[in-house]
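The values are calculated or read from the model by the stated rules, or taken from the named source; none is laboratory data. On a predicted model such as this, the values are computed, not experimentally measured, just so you know. Cβ: placed from backbone, ideal geometry, glycine included. Neighbour counts: every protein chain shown. Side chains included, ligands, DNA and RNA excluded: accessible areas come from the protein's heavy atoms. Shrake-Rupley method; radii C 1.70, N 1.55, O 1.52, S 1.80 Å.
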Amino acid sequence: AILVFSLSFLKFSSRIPMFSKLIVPIGFSYYAFQAIGYIVDIYNGKIRAEKNFMYFALYMSFFPKFVSGPIEREEDFVAQIKELKEVRFLDEQRLSEAFGYILYGYFMKLVVADNLGVLVTKLFNGYRDSGSLWLIIGSLSYTMQIYCDFAGYSALAVGVSRIFGINLVQNFTSPYMAVNISDFWRRWHRSLSMWLRDYVYIPLGGNRKGVLRQCINVAIVFILCGIWHGNGLNFLAWGMLHAIYSVIDVLARRQRNKDKAKSFLSELKGRFVTFCCASFAWIFFGASGLKTAVEYCIAMVTAGSAGTTFIAEYNELCNETTRTNFMVGFILIVILMDVISYKSNKPFPVVLQDLACGARYLI
């Protein structure tokens, strides 16, 4: 009941005249999901209700994670709060790692995401006047922008929390290196994926009641995920696209299980297809509405050159800031960091700690 009320309020309150001017509290959706998880865990006997109100209040409203997550579990977070008396504030190793996360987060958010946002906004708003190639570039740019925005914020939250001796969930682990859509969701916004798995997918029956029921449960989870992210049919369409992807992946994995052999080329193909599917779905997430998203997708294959040259359109789109010229280099750096993280199975700020002091400071 709480879940339905929370999602309904988020989606429809702006359409009701008496609520249209109300300000939804900052972090409301994350707060609601943490509260629901806490109540359900108590009801199921997994945890006991916290008797110290200050511990509970800090769990619900800890400032680094409050606006955009990650969604923490009470038993993990409060246990760390209770052990803070053992944490030395001036711990060189912990502070070095914390500052690594903070700088990494600022690079992702301010250098990459915010500068890509200038180009993406122009293309999403002016798609009727842009050529197909530039619209494809806009789609790929938004794919990187939203990743660097979310992952950058999450890295900042982790870094700031580390300063105080609290370890938050790693929310992003090289998601665009995923070999299939299920792997993508194990790497993208991991705390949300785990929350939906534990409090929606598994209670619905998970994969325990046959393949048809599993596909229905997967579809419900991703439609709910789309509604949770925003008010609009475009968010619902984004969730439905991922529902379709995931149902196809469930069926495909059942077939792949019969053939255990995996080749480098098959994994490379899987990564390429997964990236393209995710990138296409992000158009619906980033557009101002469903109609805009559909028209943008159609224009990607029908607009041609839009009556101008690629260079002329580049000069028109990218003339406001010289930083745009460095975006390809910035994106390559992000890709390199993700490849290193994926290969080492560690977050990039943690990888930095394995380097010599001079190399670490240079980076």
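Some observations on this one:
- Of all accessible heavy-atom area on the stretch 112-219, the percent that carbon and sulfur account for (1.4 Å): 61
- Per residue, the chain reaches -21000 deg cm²/dmol at 222 nm when only DSSP H runs of four or more residues are counted, each adding -39500 (n - 2.57).
- Selected from G286, V40, V111, residue furthest toward positive end of dipole (the chain; charges at beta carbon): V40
- Judged by the ratio a/c of the largest to the smallest principal axis of the C-alpha gyration tensor, the stretch 125-275 counts as rounded, that ratio being less than 1.5.
- Surface composition of the stretch 50-91: carbon plus sulfur atoms contribute 62% of the solvent-accessible area (1.4 Å probe, protein chains only, all chains present).
- Phi to ³J(HN,Hα) by Karplus 6.51 cos²θ - 1.76 cosθ + 1.60 over the stretch 263-279, Hz, x for Gly, Pro: 10, 4, 5, 5, 5, 4, 5, x, 5, 5, 5, 4, 4, 5, 5, 5, 5
- Cα shape, the chain, gyration tensor, a/c 1.5 rule: rounded
- Gyration tensor (alpha-carbon) shape descriptor, the stretch 56-125, a/c threshold 1.5: oblate
- Principal axis extents of the C-alpha atoms in the stretch 92-184 (largest first, rounded to whole Å): 53, 29, 14.
- Peptides ranked, highest mean first, by Cβ atoms within 10 Å: ranges 140-150, 74-84: 140-150, 74-84
- Signed unit charges on C-beta, dipole axis of the chain, positive-most listed residue Q145, I340, L317: I340
- Couplings for the stretch 175-189, taken from phi via the Karplus curve 6.51 cos²θ - 1.76 cosθ + 1.60 with θ = phi - 60°, read x, 7, 8, 5, 8, 7, 6, 5, 5, 4, 6, 7, 10, 9, 6 Hz in order; Gly and Pro are left as x.
- Point-charge dipole on Cβ atoms (K/R +1, D/E -1) for the stretch 61-155, about Cα centre, debye to 20: 320
- Listed peptides 101-108, 228-235 by packing density, highest first (mean Cβ within 10 Å): 101-108, 228-235
- Dipole of the chain, positive direction: furthest Cα of F330, N171, V200, with charges on the beta-carbon: V200
- With all protein chains kept in place, the per residue accessible area of the chain amounts to 53 square angstrom at a probe of 1.4 angstrom.
- Couplings for the stretch 43-48, taken from phi via the Karplus curve 6.51 cos²θ - 1.76 cosθ + 1.60 with θ = phi - 60°, read 4, 7, x, 6, 9, 9 Hz in order; Gly and Pro are left as x.
- Note on E75 and N125: the model spin-label points, each 7 Å out from Cα along the C-beta direction, lie 4.9 nm apart.
- Summing Cβ point charges (Lys, Arg +1; Asp, Glu -1) relative to the Cα centre of the chain gives a dipole of roughly 1080 debye.
- Taking trypsin sites (Lys or Arg not before Pro) across the stretch 88-145, the ones in a DSSP loop with at most 15 further Cβ atoms lying within 10 angstrom of their Cβ are R88.
- Placing +1 on the Cβ of every Lys and Arg and -1 on the Cβ of every Asp and Glu, with no other charges, gives the stretch 163-264 a dipole of roughly 460 debye about its Cα centre.
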